[in-house]
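Written below as structure tokens is the structure these notes are about.
No value in this document is a laboratory result; all are computed from the given coordinates. These numbers come from a predicted model, not from an experiment. All Cβ positions, glycine included, derive from the backbone under ideal geometry; neighbour counts span all protein chains shown.
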Amino acid sequence: MTTAVSSTCPDCTESIPVAGDVRVTSIVVCPACQAELEVIGVDPVEFALAPEIEEDFGE
Amino acid sequence: MKPSDGQDGPLAVLTTRTRLEERLIFAALERRGVPYAQVDDRTIVEHLQSPSPVRYSGVLNRIMSHTRSGYAAKLFESTGHRVFNPSHVVETCGDKILTSLALVRDGIPTPETVVALTPDAALAAIERVGYPAVLKPAVGSWGRLLSKVNDRDAAETVIEHKQSLKAPIHNVFYVQEFIDKPDRDLRVIVLGDEVVAGVYRRSDHWITNTARGATTERLALAPDLVKLALGAARAVGGGMLAVDLIERSSGELLVTEVNHTMEFHGLAEVAEVDLADLIVGHVLEVLSA
């Protein structure tokens with residue numbers, strides 16, 4: 001589940017550039033620490049650590 | 001769930017994450033002017049005796065978890081929604097044992113497969129197939145936890161390791177012959193009664209999955225391949241499906257799995273078709289029939 005919330009990377013505090021059409025639940029990768037982040041708000045843009053991939057995730 | 005306009009409300013798109021595939025699907029819906037509502041699977045709450053009055057014109061299920069996907073499909077079907085893909089297709093495709101049973105039942109060529117229900121019986125299953133054998137989790141994807149077992153020592157080790165994974169599903173053993181294929185497999189996309197695209201997935205590793213770094217190349221859709229893919233899709237219940245195949249060194253094609261919530265980022269890089277738009281078109285066509 002989501003934990004920390006930030007307009008920067010909640011893991012390493014790096015500022016994250018995002019595209020203008022980003023939407024909630026999009027996944028971005030922090031360019032500094034490579035953490036997967038989930039967009040949880042767009043006005044302003046906010047990130048949280050992305051949910052873990054679970055064992056039964058797939059196609 | 002969000003409010004809608006009634007019976008002809010928006011198309012619900014159930015998601016876990018908004019990946020490239022979902023972004024392409026949303027873009028296709030917007031280009032076509034199709035109203036839709038993204039429904040995050042973490043927000044779904046349904047009272048079974050008093051179900052939500054929210055109505056959708058249909059439900060496109062892009063949930064990444066097999067467990068959640070199957071239950072979500074059941075919940076929406078219980079309130080009369082048409083779900084893509086139907087829950088029975090999700091159940092079959094999400095479980096390799098059920099998939100293999102369906103393929104074998106319909107005479108679709110597939111690797112020799114043996115199932116054992118306990119660790120005690122696993123070694124016999126592996127040796128029935130012979131070495132090298134491939135062990136796959138009955139439920140799982142992206143090439144995770146696949147094991148190529150070359151001899152009895154390795155088999156005993158893998159069985160012991162799987163026993164240490166406490167989930168009961170890990171103590172059911174799905175064993176297949178190892179196919180000494182070329183450095184590629186094939187993925188063919190079926191929408192209803194039509195094969196719309198195909199790619200080779202190439203890797204130096206014996207697991208040729210794009211989630212494991214395989215690259216994609218365009219694949220010509222030969223008639224025998226089309227027939228086989230359609231047969232495999234029918235066997236698991238039909239719908240919008242990605243059929244994965246491998247080749248024996250003789251060239252014989254074997255179906256290995258059929259995916260019910262297809263990823264197509266690799267295919268999108270090389271295919272000439274706009275698969276997201278074809279998926280949306282298929283959904284709309286079925287809903288309007």
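Normalising by the residue count of chain B, find the relative contact order in percent from Cα pairs under 8 Å and 6+ residues apart.
It comes to 18 percent, rounded to a whole number.
Which Cys residues of the protein assembly as shown have no other Cys beta carbon under 4.7 Å away?
That list is B:C93.
Looking only at other chains, what is the average number of their beta-carbon atoms within 10 angstrom of each beta-carbon in B:16-29?
Average neighbour count from other chains, rounded to a whole number: 3.
On alpha-carbon atoms, Rg over Rh for the protein assembly as shown using Kirkwood Rh?
Result for the protein assembly as shown is an Rg/Rh of 0.98.
What list of ³J(HN,Hα) values in whole Hz, one per residue of the range B:137-150 in order, does the Karplus curve 6.51 cos²θ - 1.76 cosθ + 1.60 (θ = phi - 60°) give from phi, with Gly and Pro shown as x?
Calculated HN-Hα couplings, in order: x, 4, 10, x, 8, 6, x, 7, 6, 6, 10, 9, 10, 8 Hz.
If we count other beta carbons within 10 Å of each Cβ, what is the order of B:H205, B:H81, B:H47, fewest first?
B:H47, B:H205, B:H81
Rounding to the nearest 20 debye, state how big the charge dipole of chain B is about its Cα centre with +1 on each Lys and Arg Cβ and -1 on each Asp and Glu Cβ.
540 debye
Restricting attention to the range B:135-169, which trypsin sites (Lys or Arg not before Pro) occupy a DSSP loop and are surrounded by at most 10 other Cβ atoms within 10 Å?
Those satisfying the criteria are B:K166.
I'd like to compare B:98-105, B:69-76: which one has the highest average count of other Cβ atoms within 10 Å, and what's the full order after that?
B:69-76, B:98-105
Which order do the peptides B:213-224, B:110-121 take when ranked by the mean count of other beta-carbon atoms within 10 Å per residue, highest first?
So the order, starting with the most tightly packed, is B:110-121, B:213-224.
Over chain B, with a Gaussian network built from C-alpha contacts below 10 Å, which listed residue (B:L145, B:L186, B:L14) shows the highest mean-square fluctuation?
Looking only at B:L145, B:L186, B:L14, the biggest GNM fluctuation is shown by B:L145.
How crowded by other chains is B:62-68, given as the mean number of beta carbons from other chains within 10 Å of each beta carbon?
Other-chain Cβ atoms within 10 Å of each residue's Cβ, averaged: 4.
Going by Cα centres, the range B:1-80 and the range B:182-244 are how many Å apart?
26 Å
Under the Karplus relation 6.51 cos²θ - 1.76 cosθ + 1.60, θ = phi - 60°, what is the ordered set of whole-Hz ³J(HN,Hα) values for the range B:256-273, x standing for Gly and Pro?
Karplus-based 3J(HN,Hα) across the range B:256-273 equals 9, 7, 10, 9, 9, 10, 5, 9, 9, 4, x, 5, 4, 6, 10, 6, 7, 9 Hz.
So in chain B, what percent of DSSP beta bridges are antiparallel if you round to the nearest 5?
75 percent
Based on the mean of other Cβ atoms within 10 Å per residue, sort peptides B:55-61, B:130-136 so the most packed one is first.
Ranking the peptides B:55-61, B:130-136 by packing returns B:55-61, B:130-136.
Would you pull out the residues with amide H under 5 Å of B:A214's amide H, same chain only if 5 or more places away, H placed 1.01 Å from N?
So B:A214 has HN proximity to B:N209.
Using each residue's phi in the range B:106-111, evaluate 6.51 cos²θ - 1.76 cosθ + 1.60 at θ = phi - 60° and report the 3J(HN,Hα) Karplus result to the nearest Hz, with x for Gly and Pro.
8, x, 7, x, 8, x
What is the magnitude of the charge dipole of the protein assembly as shown about its Cα centre, with +1 placed on the Cβ of each Lys and Arg, -1 on the Cβ of each Asp and Glu, and no other charges, expressed in debye to the nearest 20?
About 440 debye.
Can you give the helix-only mean residue ellipticity at 222 nm for the protein assembly as shown, where every DSSP H stretch with n ≥ 4 adds -39500 (n - 2.57) and the sum goes over all residues, rounded to the nearest 500 deg cm²/dmol?
-8500 deg cm²/dmol
Quote the relative contact order of the range A:5-49 in percent (integer), defining contacts as alpha-carbon pairs under 8 Å separated by 6+ residues.
42 percent
Would you mind giving the mean number of other chain beta-carbons within 10 Å of the Cβ of each residue in B:258-268, as a whole number?
1
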